[in-house]
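Sharing a structure here in structure tokens format.
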Amino acid sequence: SNDFISIVVTGAAGQIGYSLVFNIIRGDMFGTEQKVRVVLMDIEPMLEGLKGLKMEIEDSCYPLVQEIVITSDPKTAFTNVDYAVLVGGMPRKEGMQRVDLLRANAAIFKVQGKALNDYAKKTVKVLVVANPANTNALIALLNAPNIPPENFSCLTRLDHNRAKAQIAMKANVNVKDVHNIIVWGNHSLTIYPDTRCGYINLPTGKATIANVIKNEAWLQGDFVSTVQVRGAAVISARKLSSAASAAKAITDHMHDWALGTPEGEYVSMGVHSDGSYGVPVGVIFSYPVTIKNGVYSIVQGLPIDQYTREKIDLTTKELVEEKESATKILAEM
Ligand code: NAI
């Protein structure tokens, strides 16, 4: 039947899962008329926790719930899904090198990529959240040759939202009046938040962000670093990593991918590079996109000044290196 959408969330027993699942069944992701079948997937030791989550979902009486499935089996999890949000992964532990993190996650995303390939709908839209998100998404994509590369993405919407919030606070305007922020590149410390194409709706009309904030040094300095280290700042304050804000960003990303962006509005999304803006083809790179009928287009022709060029090149270099490590790791597996 086509009257419900089927979505799987992996790592559903984790922190992000606990917020995300309620966003989905409340209708924040696909609209308040769309019924959803939600598959909650996690590793076997977490199934008991998922049972508890399922009970809470039942007790919340959300009318959009078609069915809740809990499983640790990739085949059960991915069969016939329309959407897959891959939140589950191996967390970085004290003293762990980035390459060790990459290796642990490569094994997971290889399996899940293959399972998506074998069991999901060929039209499935996949969002990878688990870190390193861009490269995990690439590994899933490389293991799913029957699904178009355009159907794979990674989450950089949290960085985008963080940048938007910083601008709104600095300009003392409502976040809804801040438009066309861009975050470029890797979801890491090298992500580059760019406000040059953005604007703010003031009572007097549209104004560029630079003209409202009138502080170029802040826009190129503290603003950029605040966004880049925001995840670490949340961890040090909360003693836990961003969860509700990550779930909100996931919800925004999937909402816009499924239902489209308003005319003229850009959002940032980690997608398979087609070579736009001098980034090599075949890395997962955060670009400004617009979305129509479930298909994103990378915004073309934006002016790139020298400062932006350097920032894009830096984050590109990191992603190319991650891709090389991942390719090596996959070849050894
Ligand atoms: P968490 O540790 O609370 O939950 C992760 C869950 O994934 C756990 O329940 C774990 O059992 C599960 N898991 C581990 N391996 C799995 C597998 N092979 N299959 C299915 N499930 C598996 O972590 P939290 O806070 O929910 O974050 C999840 C991930 O999202 C982390 O990798 C984190 O770094 C990343 N993240 C990414 C953001 C982004 O902007 N891209 C923002 C925030 C977090």
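Quick note: the coordinates plus some simple rules give every number you see, no bench work behind them. No experiment lies behind these values; they were computed from the predicted model shown. In this analysis, Cβ positions are derived from the backbone assuming ideal geometry, glycine residues included, and neighbour counts consider all displayed protein chains.
Starting from one equal scatterer on each C-alpha and no solvent at all, send me the Debye-based log10 I(q)/I(0) for the stretch 174-333 at q = 0.08, 0.10 Å⁻¹, two decimals.
Log10 I(q)/I(0), no solvent term: -0.26, -0.42.
So, with +1 on the Cβ of K and R and -1 on the Cβ of D and E, and no other charges, what is the size of the charge dipole of the stretch 1-123 about its Cα centre, to the nearest 20 debye?
With Lys and Arg at +1 and Asp and Glu at -1, about 560 debye.
Additional query: If each of residue 210 and residue 3 carries a label point 7 Å out from its Cα toward its Cβ, how far apart are those two points in nm?
Reported label-point gap for residue 210 and residue 3 is 5.5 nm.
Next question, about the same structure. I'd like the Kirkwood hydrodynamic radius of the chain, using the inverse of the mean 1/r over distinct C-alpha pairs, in Å.
20.3
I would also like to ask the following. Starting from the Cα of residue 94, move 7 Å in the Cα-to-Cβ direction to define the label point; list residues of the stretch 217-257 whose amide nitrogen is under 17 Å from there.
Taking a point 7 Å out along Cα→Cβ of residue 94, the residues of the stretch 217-257 whose backbone N falls under 17 Å are 236, 239-241.
Can you compute the helix-only [θ] at 222 nm over the chain? Use -39500 (n - 2.57) per DSSP H run of at least 4 residues, normalise by all residues, nearest 500 deg cm²/dmol.
Numbers: 12 runs with 147 residues, N = 333.
Calculated at 222 nm, the ellipticity per residue is -14000 deg cm²/dmol.
List the residues, sorted by chain then number, that are 5 or more residues from residue 66 or on another chain and whose placed amide H is less than 5 Å from its amide H.
Those qualifying (amide H under 5 Å, at least 5 residues apart or on another chain) are 36, 37, 38.
Starting from the Cα-Cα distance between residue 295 and residue 176, subtract it from 0.36 nm times their residue separation and give me the gain in nm to one decimal.
40.5 nm
If R₀ is 22 angstrom, what is the calculated FRET efficiency for the pair residue 202 and residue 244, using the beta carbon separation as r and rounding to 0.05? Mind dumping the intermediate values first?
Working: r = 30 Å, r/R0 = 1.35.
The computed FRET efficiency comes out at 0.15.
Separate question: With a Förster radius of 35 Å, plug the Cβ-Cβ distance of residue 80 and residue 331 into 1/(1 + (r/R0)^6) and report the FRET value to the nearest 0.05.
That pair, residue 80 with residue 331, gives E of 0.65.
Per residue, how big is the convex hull around the C-alpha atoms of the stretch 1-145? Give it to me in cubic angstrom, could you?
Numbers: hull volume 15.0 nm³, N = 145.
In the stretch 1-145, the Cα convex hull volume per residue is 103 Å³.
Amide H neighbours of residue 195 under 5 Å, counting only residues 5+ apart in sequence or on other chains, H built in-plane at 1.01 Å?
Correct list: empty.
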